Structures are given as C-alpha cells and as structure tokens.
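Quick note: the coordinates plus some simple rules give every number you see, no bench work behind them. Everything quoted here is computed from the prediction, not taken from an experiment. Note that each Cβ is placed from the backbone with ideal geometry, even for glycine, and that neighbours are counted across all protein chains shown.
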Amino acid sequence: MCGIIGYIGNQQALPILLQGLRDLEYRGYDSAGIAVMDNGKLQRVRAVGKIDNLARKIKNDDYPGTLGISHTRWATHGGVTEENAHPHFAMNGKLALVHNGIIENYRELKEKLKGVKFNSETDSEVLAHFIGSYYTGDLVAAVRAALSLVCGTYGLLAVHTDHPDEMVAARLGSPLVLGIGENEYYAASDVTPMLAYTKRVTFLDDGEIAEIKRDSVRISNLHDQAIKKSVQEISWNKQQAEKQGFEHFTLKEIFDQPVVFEDAIRGRIDMPAGTAKLGGLDLSEDQMRQISRIVIVACGTAFNAGMVGKYAFERLAGIPTEVDVSSEFSYRDPIIDDHTLVFAISQSGETADTLMALREAKRKGAVVRGIVNSVGSTIAREVGAGTYIHAGPELAVASTKAFTNMVAILLLYAIQFGRLHNTSLATGQRLLKALLEIPQKINQVLKQVEQIKIKAQKYSKYKNFFYLGRGVNYPVALEGSLKLKELSYIHSEAYPGGEMKHGPGALISKDFAVLGIVTKNQLYDKMKSNIAEAVTRGARVIIVATEGDKVASEIADDVIFVPKTMELLEPLLNTIPLQLFAYYAAVELGTDVDRPRNLAKSVTVE
Ligand code: AGP
C-alpha cells in the first residue's frame, strides 16, 4: 500500500524524504513524489516507477527547504502515471497533500468542486481540492472541516505556502505515526523511515488530527477537542519495522486480513436492496441476466478462491460455473460463447498462464472480467473491466490475504447475480450482514494464534498430510494443503471428504496426519464419518470445528474452533487457522518462510 513520510525541522528536508521513501519501498509502490517548501513556495517532483527515477529527476536541481512531504503510491484509483502520483496540489500550488487510503465518496465530493480543474484520475486529488475549498487562512481548520464530510480511509499530510512552519497530519483507517526529534518532527506511515533519527514516537489513532509546528504538536479530534497522547520508545530495528514487528511478511499479511477485508467490501454493499454494487463488472442487469455460464480461470491460491466462487454462483444464482486451472484452460478447447462470463483471478495480475487463458477466452467471444489485486497490472489492463480486491501489496510468496479478499469479491458477485435470479431480498441482506461481521470474526480466530502455534509445532514432525473438506470447505482444504506444502515443504494432499474410500484411504496409517474441516453445516455429519474413517485407520487427526461443538474433541486428537457464520462464508474463517498452522509448521522446520524454495511471487512464464 502507499507510503508517506513528512518532515519539519531545522535540517534540509529533501535528503530525509528521499531516504525515507527508500525505507518505505518494501510496502510496494508504482510511483513516487516529493514536495518541499522553500521561501513560501512549494517545489514538487514526481516520477513513475522506482525511487531511483525520482532521484534522477532531482539530482540536477536543488530543492532547498526544511519542510516537506513525500509519498510512494500503490495505485487504487487511476492508472500508474506521473499525474496520478502524489503529492497532489490544490489552490494553484499553494496546498500540497499526500494520502494513503480510499476516499469512498470522492465522486460526490468532486460534484461539489464545480469549476475546479483536475489534473489526475485520483480520489486523493479530489481530497486535496476539497480541503482547499474550506481554506480561509487556517490550514488545520480546513482539513478538519473537509474530513468531516469524507467517507473512506485516510492517512494524510497537508502543507500550505501561507504556513511555512506547519504540517498537518490526519488518520482514519490508514496508519500514521509521528516521530519526535529535537525541534523537529517526522510523520510517516510506519516507524521505518524515522528510526535513523528518533525512536520516540506517537501513533495517531483513527479520527485524530495533528497540527505539527517546528517546536510543538497539537493533537485533536474532528471536533477540535485536544487529545493527550503518550510517547513510546520504539525498540525495533529497521527490518523488524518493515514487518511492523512481525517476524515474517507471511505472518504480517495473515494479520492484515481483518483490515484489508473491510477494504474489499467497503462501498460495494447495497443493504436496502440486499445486493452488491460492483461497478467494475460493467454489465447492465439485462446483460447480466443473459449470462448462461461462468468460467473462472486462475492458478494456485487464486484457483482455490475461484472454487469457492463456483459454490456461491451455483447456489445463489443458479448459473453453471466451472473453475479451470489457467494452464489447462487454454489447451482444452473450452466451449465458450458470448453468453459466457469468464473471470480471470490473479493477485499479481501478471501470471502468464492466466493471461494466456483470458486471451483465449476473449478470442472465443466470452465476456471477460478481472478479479485482481495489482492495479494497472497486465491482466487488469487486458480484461478492460473488473474488480480490484484491495488487499494491498502481498509481499510474501505464499498468498494469504489475497485469498480472503478474492473470496470476498466472488461472494459479492454471486450475491449480485443471485439477486437477479432466485436469491431473495432477505437472503441477500442476511449474507451481506454476515459479510460485515467477518472482520471481527477473523480477529477472534487470530486471537487463538498461540494455541494454533503449539498444534503446528506438534504436527510438524509428520511427513504426510491429508486435508479433507466437503462442499464449500473442499476449496479450503485445497488452500490449506497448498499453504502447508509451499511454506513447510511437508507433503500434503487435499481431497473431498467423501473421496478417501475411493483409493487415497490406502495411504492412511499411524504415520499420517489428517486435517479435516468439520464445521457445523449441511455436510457436518458426513464429514464426521469421514474423519472417523481416518481415526480408525490410525491417523493423527486435527479438525477445524464450530465454536460450541460439544463432540468435536471426542472425534479428533486436536481441535481448532472458529466462530459460526453462514455456510457460503465459512471459507473466510476456516482458512485462517490453516494459514497460521502452515506458517508455524514452517517456522518450526526452519524453512525460508517468506521466500520458499523453487517458488516466485509472480509466475510470468508459462
Ligand atoms: C499461492 O500461495 C502461490 N504463491 C501461488 O499459487 C499463486 O497463488 C499463483 O501463482 C497465482 O498467482 P496470481 O494470483 O498472482 O495469479
């Protein structure tokens, strides 16, 4: 996601900001920019691509000044261009803003800015002009007034040429931390870029605004009530800071899920109509009704997410849905026509197999849409329309938060199609209400991290695993098994629970571990008997069960409980313990968790 660093003090800002942007590179970005205040004038430079491109544009010019803000952009609204890079200007270059987050109602705000000339496609520039429209000489008052009408998330810094000794920071949903030096202050997305200068920090909380001068900071809320904040001493080194204190990006990204899940569904739910509103589909309701078949093409984790989508589309919309491994789809002469909707699902948006598959689908006349994480990626551009999953940069090779957000988008699509077919208003609203409860339920699962860690350590000695699930939890078994393989290198296979007796069961013995998803749903009893088959054949068995299930501990050696939710939403919760299980097994076995052997984060070759 985007990175922000601002400085006000007695040193030249430019070198601090440039180094700070480099320290934030790990967050993932596609463009960057800096604005420095010099003698009541704001000098700005922006560049697409790496920080080196920005540095090259700066090297022959001087940008003197002791106040400045800067930004690395991870595109969410608008393509990867210099005009879309931050800082954004307003008030004819008098006001500069950098922003991390998503302004949900930016279209409505833009409507209020008649006559304003916009130079970018971004929601952030709209925010800059919106703040400018409230400016009457007091910068922090203008920020406060504007933010009271903003819906969405922000971590922002604003400066104005009328106030050469002031920087304003504000936070809602996107982190911002203040670094406290000797008559100098830093403001950044995380502590990484300030550790070289100070370890004394104050974390802004949601709804707080900081008025930062060269010798003082005043923190208040949106009602201008002063807030007293504690100063903390950071003990992390830089590497730890990049992972926000987590040992690996894999674990950080597992814990990112409650927050990024909200980003996936934010602004995409129409509760009164009991449906979703995914504008990126770019199909009228009539065109949607004419879709007679859905095909999902994807690889790896994206494929497993697509498998959840199959159950959802067929159950809610009654539309036949198949899921293809991308590398197979292109070469199996698929039956496609112009009533077929093909979803290409990809975190990186650069997977060659999926790119080939979507091109084949387009060639055969299908309606092709993307479900992608990386904005402006090749797949996102080639499908032309679709939905970004807003999981933020996923840096660990093993995909975790992207899976959850892909499933979220697929469920929203299934509800949207379902409400044009046989899904009732009441069912649609129940599903949407259950989706809104998912973040806090994911948090409930994450709270069990220590118990799951102990179980993973115990089971990490097994050389072979079966992951078993039925119905919508079969894709969960597939995903859990993939995580175990790619993180811990333990051999693992996933099967539908009912398949053991058709052959794989021959492998079960006391040297085998079985992980079963046995949550309370329509297939609960059948899964219980599948687990019993494994137990009687001597396997060591751990299950994922629903909180309150009194018999769970009697049917397995170990149990991980998850909160109850609607059956189609279970993958959003049941996958979380499997991610943690695989992660801690890998840590126990000492593998290269964030960069597993033989694997790449984005497979750009067929
Ligand atoms: C998942 O943990 C793996 N890293 C891999 O299977 C990945 O999901 C697959 O390569 C697809 O990548 P994509 O989502 O970027 O297209």
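For region 392-476, the calculated P(r), taken from all Cα-Cα distances in 10 Å bins from zero up to the bin holding the longest distance, is 13, 30, 37, 15, 5, 0 percent. For S492, the residues 5 or more places off, or on other chains, whose built amide H falls under 5 Å of its own are F465. In the chain, the longest principal axis of the Cα atoms and the axis of helix 570-589 are about 90 degrees apart. Which whole-angstrom value gives the distance between the alpha carbon centres of region 438-461 and region 99-121? One Cα centre to the other: 41 Å. The value given for region 142-208 is a Kirkwood hydrodynamic radius of 12.8 Å, derived from the mean inverse Cα-Cα separation. The C-alpha atoms of the chain define a longest principal axis, and helix 352-363 lies at about 80 degrees to it.
Once the chain from Q440 to N237 is taken as fully extended at 0.36 nm per residue, the excess over their C-alpha distance is 70.0 nm.
The distance from the alpha carbon centre of region 126-169 to that of region 546-594 is 45 Å, rounded to a whole number.
Taking every alpha-carbon pair under 8 Å whose residues sit at least 6 apart, region 268-330 reaches a relative contact order of 31 percent.
Take the Cα radius of gyration of the chain and divide it by 2.2 N^0.38 Å, with N its residue count; two decimals is plenty.
The value comes to 1.01.
Here the chain is treated with +1 on each Lys and Arg Cβ and -1 on each Asp and Glu Cβ, and its dipole about the Cα centre works out to around 640 debye.
Using the Cβ-Cβ distance between K364 and K117 with R0 = 51 Å, the FRET efficiency computed as 1/(1 + (r/R0)^6) comes to roughly 0.70. Mind pulling the angle between the C-alpha long axis of helix 524-536 and the longest principal axis of the chain? Nearest 10 degrees, somewhere in 0 to 90. Compared with the principal axis, the helix lies near 70 degrees. Residue-wise HN-Hα couplings along region 3-19, as the Karplus relation 6.51 cos²θ - 1.76 cosθ + 1.60 with θ = phi - 60° gives them from phi, are x, 10, 8, x, 9, 9, x, 10, 9, 5, 6, 3, x, 5, 5, 4, 5 Hz; Gly and Pro carry x.
Label-to-label distance, Y331 versus E450, with points set 7 angstrom from Cα along the beta-carbon direction: 5.1 nm.
Quick one: grab the alpha carbon gyration tensor of region 219-310, order the square roots of its eigenvalues as a ≥ b ≥ c, and give me rounded if a/c is under 1.5, else prolate or oblate depending on whether a/b is larger than b/c.
Oblate, because a/c is 1.5 or more while a/b does not exceed b/c.
A straight Cα-to-Cα reach below 15 Å connects K441 with the aspartates and glutamates D256, E262, E547, E567, E570, residues fewer than 8 places away in its own chain not being considered.
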